[in-house]
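Taken together, the values in this text are just the output of simple stated rules run on the coordinates, not laboratory data. Note that the structure is a prediction, hence the values are computed from the model and not measured. Glycine also receives a Cβ, built like all others from the backbone with ideal geometry; neighbour counts cover every protein chain displayed.
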Amino acid sequence: MTPLRCFLLLICMAFAGFTVAQVGSYQVTGQVVDAANGSPLPFSAVMLKGSFNSTETDAAGNFTITADAGHRVLVIFQYGYATKEQTISPVDSDNLRISLQPKAYNLGEVVVKSRRTDTLQASNHTEFLAFEFYDNFIVALVNKGKRSHVVQLLNDDGTIIRERQAPPQTEMLFKDCLGNIQLLSKDSSYQFYYNYETIEFLPPYAIEVFARSLQPCQCVLGDNYYFKEVSYKNLKNTYYKINRLDLAFRQEFARIENAAAIEAFNTDYDINYFLAQRRKGQGYAMSVEEMKSQLDELRENLPLSPDYAFLLSPARSALFKVDSSLLIVDFTHRMLFRHHRSGALLASDSIRLHGLSPFVVQDADRQTLYFVKETNGFTSLYECQKTGTAARPVSVERYRFLRNVRCRNGVLYFLNRNEATDRVTKIFTYRL
C-alpha cells in the first residue's frame, strides 16, 4: 500500500489512538454561527472528537458530518473564536445551531501588559526547548535540568495549567495539518491531547509513518488535504491535493523549481556519468535504454558529497491557508501565488523585498503573514500586503537568537537566549 493510499488509514488509526469506526453511523447536520450577532461562520472546522472525521462549514455556516455510536462529541473551531465541544446523539442530530463565542482579546490584559516586550515564563530553572499553540493554550517542551524533559500546558500569561513528563527521548514538537501537537523522538511520534482535566499522549507510532504521511501535509480545507513534496535533491517543491473520498488520486496544482540548479545538476550527472560508473563496476547494471528511462530516479537517489550538496541551491517555498484559499510563497522566484481550494491559480504577484529570508510567520487569528529578514543574525519582520509588497519593518533586533517563532492576535512569541546575562532559553513576547 502506497503512503498516499494509507493516509486515511493513518488518520483513523495512528493519529486517533487506533480507534475504529463503529457500526450504527448517522448524519449530523447543523449551522455554526457567531454567538454575538447570529451571523453564520463559514469555513469553520467541525471534527468528531476521538476520530479524525472532520469537515468544514460552507459559505452559509452549514455542515454535514457522519457520526457513529463510539464518538458523541463534536469539536468546532474557528479563528478568533473560542473552541466549542457539542455533545450529539442519533435522536438529536438534525439542524443543530452551534454558537461560538468571539475571543475577547485585550492586549492590556494578555501577555504584553503595558510593555512592548515581556517574558512569558521567567523561571531561571526552566529551559524552553520548543512550544506550539494549542487551542487557547500553549504547549511547551521544557528541561528542568534533568535527563528527561517535561511537557507543560500554559495560559497566555505563562501560568502552568498542567505538567507531565514527556515520552522517552522527546526532542521536539510539531503541529500537524490537522491542528494536533505531535511530540517527536528519534524513533516515535506521540500525539498530545488535553481533555481539560489531564494531559494525555496517544499510543506511539513509528517516526517513519509520520515522515511519510503527516509531515508533508500542509493544511486541510473541507474534504481536501494539501501536501508539499520536496524532491530531486531539494530542487523541486511539488504541491498536490488529495480528496478524502478518493485517496487513490492525487492532483498536482503547483510546482516550484530551481531550474538553473536542476540544469547544472543534470549536466554534471548526465547519462555518461552513470555509464562511466558502470564501467568501473560501481553498480548501474542495466541497459542504456533502461538507464535513460530511469535517469531522473538515478539522479534522485545519487549520494552526493557534502561539498557538492552544499553548492546546490534548494527551491524554497511555503504554503499557508488564508481565509478559504491557499497562498504559496515562492522564495526562489520571489513570487506570491494564490490558489483556490480546488488548486486553480487565482492570482500571482512578485515579492519586492531585498534580502528576504525563506521564512514566514503567520498570525492565524488575524490572517496576516509576516516576512522575516535576517541580517548578520538580527531579525526584522515585514507585514505582507495583498499587492505583494511589504510594509515598513517591525524591528526585533535586540533578539538575535530567535527560535520557534509563532504569532497570535498581533503578539509575536519566540524563544530567546540572552547570551550576555542569562544562559536559559525563555519564551518572549513582542507586540507587533
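For this structure, a couple of remarks:
- For the stretch 160-274, the alpha-carbon coordinates run over 62, 34, 25 Å along the three principal axes, in decreasing order.
- Rg and Dmax [Cα atoms of the stretch 259-311; Å; Rg one decimal, Dmax integer]: 11.4, 32
- A protection proxy built from the mean count of other Cβ atoms within 10 Å ranks the segments 311-321, 158-168, most packed first, as 311-321, 158-168.
- Selected from Asn237, Gln165, His149, residue furthest toward positive end of dipole (the stretch 142-253; charges at beta carbon): Asn237
- Fewest-first sequence of Ser293, Ser99 by Cβ atoms within 10 Å of each Cβ: Ser293, Ser99
- Note on the stretch 209-366: along the principal axes its Cα atoms extend 60, 43, 27 Å, ordered by decreasing extent.
- Placing +1 on each Lys and Arg Cβ and -1 on each Asp and Glu Cβ, with no other charges, gives the stretch 24-100 a dipole about its Cα centre of roughly 140 debye.
- Calculated P(r) of the stretch 24-100 - Cα pairs past 20 Å, %: 21
- Among Gln31, Gln86, Asn53 - extreme Cα towards positive end, dipole of the stretch 24-100, charges at beta-carbon: Gln86
- Filter on Lys175/Lys426; Lys186/Lys373; Lys84/Lys144; Lys175/Lys321; Lys186/Lys241 - keep pairs with C-alpha separation over 22 Å: Lys186/Lys373; Lys84/Lys144; Lys186/Lys241
- Residue-count net charge about Thr198 - beta-carbon cut-off 12 Å; Lys, Arg +1, Asp, Glu -1: -1
- Signed unit charges on C-beta, dipole axis of the stretch 259-311, positive-most listed residue Ile271, Ala260, Leu311: Ile271
- Each Lys and Arg adds +1 at its Cβ and each Asp and Glu adds -1 at its Cβ; summed about the Cα centre, the stretch 259-311 shows a dipole of about 280 debye.
- Residue order, fewest to most beta carbons within 10 Å, for Thr119, Thr57, Thr87: Thr87, Thr119, Thr57
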